[in-house]
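The values are calculated or read from the model by the stated rules, or taken from the named source; none is laboratory data. All values derive from a computational prediction rather than experimental measurement. Using ideal geometry, Cβ is built from the backbone for each residue, glycine included, and neighbour counts are taken over all protein chains shown. Side chains are part of the model used for accessible areas, which takes the heavy atoms of the whole protein and leaves out ligands, DNA and RNA. Shrake-Rupley method; radii C 1.70, N 1.55, O 1.52, S 1.80 Å.
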Amino acid sequence: MTTRRTGTGESAAGGRPVSAPAGQGSTATEAVPLPGEPSSAPQAVPSGRARRERRRPPNWLLRLLTGVLILVLWDLGARMLESPFIARPLGVAQAVPEVFASERFWQDAWATIGSVVYGVLIGAAAGLVLGLAMGRIKLVRWFFTSYVSALYTLPMVAVVPLMTIWLGYTPETRLVAVALSAFLPIVVTTADGSRAIPKEYLDVARTFRARVHNIWFGIALRNAIPYLIAGLQLAIARALVTAVAVEFLAGVPGLGYSILQQTRSFQQNEAFVGVIVLTLFVVAARALLTVARRRFLPWYGR
Amino acid sequence: MTRSTTGPGAAPEGAAPPPATGPRVVVSGAGVRYGDLTVFDGIDLTIQDREIVSIVGPSGCGKTTLLRSVDGLTRLNSGSVTIDGRPVEGPTPGVSMVFQHFGLFPWKNVYNNVAYGLKLAKAPKERIAEVVPEYIDMVGLAGFEKSYPHQLSGGMQQRAGLARALAVEPQVLLMDEPFSAIDAQTREVLQFELLRIWETRPIAMMFVTHSIEEAVLMGDRVVVLKGRPSHIHEVIDVGIPHPRTRATLKSARFQEVTAHVWDLLMQDVIAAEREVG
């Protein structure tokens, strides 16, 4: 399906399959009505995509332009402040080859990103179990709900110093903190998803005499998957914040720690490369989840 | 208030001749309450094998609740339901339901949705592989095995819902307003297809609908629920032989029975309007 935006004359293309033969689309382009002019001849209307391209630049171009605009404003702002300690886009870009060539950088990057990946996997697995139990068993829900929501609102950063006392200034502290911060959003979303099973599904299951495990794993879990994906989107962002915070506070080696060190030794350009790599990681991970949802849950909408 | 008639205005019938196969479903003295509200009470109803009984009544009269209590999804507060002589205490083997909302699982394709009941009943794989395509074919969904519900029209989704209910080869089929969420033209097509399927393997069927025409077209008998709490106001023997076709809709008997049921239900609607006014 095309995503239709309400635009001028757009409605005239309604119902026309986008997968119209290319030749048909291009010949029809000549007969495109003026914006706002409703077409009375449906055969003269090209596919939605062809019309949009004519009228407006594509989305990715607009996004790119926005990015360029931000960079320009950044550069102008830095120039106006005239401080040598403010990183500027060109300086950051120039630092990239050097930073990427260093082995240390990739070690740090993997230390941080790896801890996020493993931490989220551990936290999600545990969160899924507790979430499903909370969603399906009243007693478990009563018992845990207030604790889970209390912990969910607690910034994990506040507990990190305590965790260093228990687990030391080690990568394990980071892993535990990351897993814990990923665990909570997964618990909350999975509990909701496995509880909010549409009554229709339960009627069908009961009519065919489904047993408890059929409902848990055949319906509740399946119904919770879109919620789980939403939970993972939250979890990844929270997990990265926690990983970097642990590195800052406990001096655990990783990209966050390097960023701190480089900033303190006036290597802002290098530090910025690290920031950008972390950002790209989160963006890529979330995009991957969105792709997975569209691919595997097509009925869930966009 | 319960009486059985052979036709509109006809005198109450005497004892019906004993059926050859015996009753499948026996509802006796059934009542359901929600708190202080009694939905229905004192319902006595017997459904024979190979018989279609339609249930009509105004909205909120509890026709769906009655159907659900036969399916064991809703508990009765009084009275009992037995199927083949065994009291219903929960969903019973041999009883299938087709839902108004189709109730297909969006994450399963047509094949797996249709196979759902058989899988839960732990039917052997070979049996599932044999039976499922047969019923998919029977409801006219051949070629759509791999489609997902969101890719199908409402009518096609309900075809899948029907195939799922039939695939477990039930002795009793419960239809809960199965076609009311479907556009009028498709509904008519499905009504006749259901009749055609039923004619090839007739079983006991309980058909809840709010459409009087549908009730008369489908039913061998039409049960009219009325009143608050509702009770069986009248049971009408439709007396139109199977196979029923589009010509049935034009027949004098069909018109006559439909008009009679209309009258029964309109009395209530008019009375309700007056009460409000």
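Axis of helix B:184-200 versus longest Cα principal axis of chain B: the two differ by about 80°, to the nearest ten degrees. Once the Cα atoms are used to define both axes, helix B:252-276 deviates from the longest principal axis of chain B by about 70 degrees.
Excluding ligands, DNA and RNA and using a 1.4 Å probe, chains A and B jointly bury around 2000 Å² of accessible surface, summed across both partners.
Build a GNM of chain B with springs between Cα atoms under 10 Å apart, and of B:Asp176, B:Asp44, B:Asp36 the one that fluctuates most is B:Asp36. Per residue of B:95-108, other chain Cβ atoms within 10 Å of the residue Cβ number 5 on average. Each peptide in A:240-251, A:256-267 gets a packing score, the mean of other Cβ atoms within 10 Å over its residues, and the list from highest to lowest is A:240-251, A:256-267.
Taking a point 7 Å out from the Cα of B:Ala247 in the direction of its Cβ, the residues of region B:189-204 whose backbone N falls within less than 17 Å of it are B:192, B:196.
Can you pull out the GluC sites (Glu not before Pro) in region A:95-176 whose DSSP state is coil and whose Cβ has at most 11 other Cβ atoms within 10 Å? Intermediate results must be reported in sequence, preceding the final value.
Working: sites: A:Glu98, A:Glu103, A:Glu172; in loops: none.
Loop-located and lightly packed - none at all.
What angle do you read, to the nearest 10 degrees and between 0 and 90, between the alpha-carbon axis of helix B:110-120 and the longest principal axis of chain B? Between helix and principal axis, roughly 80 degrees.
Note on region A:169-272: with neighbouring protein chains present and a 1.4 Å probe, carbon and sulfur make up 64 percent of its accessible heavy-atom surface. Per residue, chain B reaches -11500 deg cm²/dmol at 222 nm when only DSSP H runs of four or more residues are counted, each adding -39500 (n - 2.57).
Peptides B:24-32, A:152-160, B:62-70, B:219-227 ranked from most to least packed by the mean count of surrounding Cβ atoms within 10 Å: B:62-70, B:219-227, B:24-32, A:152-160. Annotated for the protein assembly as shown: lysine pairs at least 8 residues apart or interchain, Cα distance under 23 Å, count 12. The mean count of C-beta atoms from other chains within 10 Å of the C-beta of residues in B:117-123, rounded to a whole number, is 3.
Note on chain B: with charges restricted to the Cβ of Lys and Arg (+1) and Asp and Glu (-1), its dipole about the Cα centre is near 580 debye.
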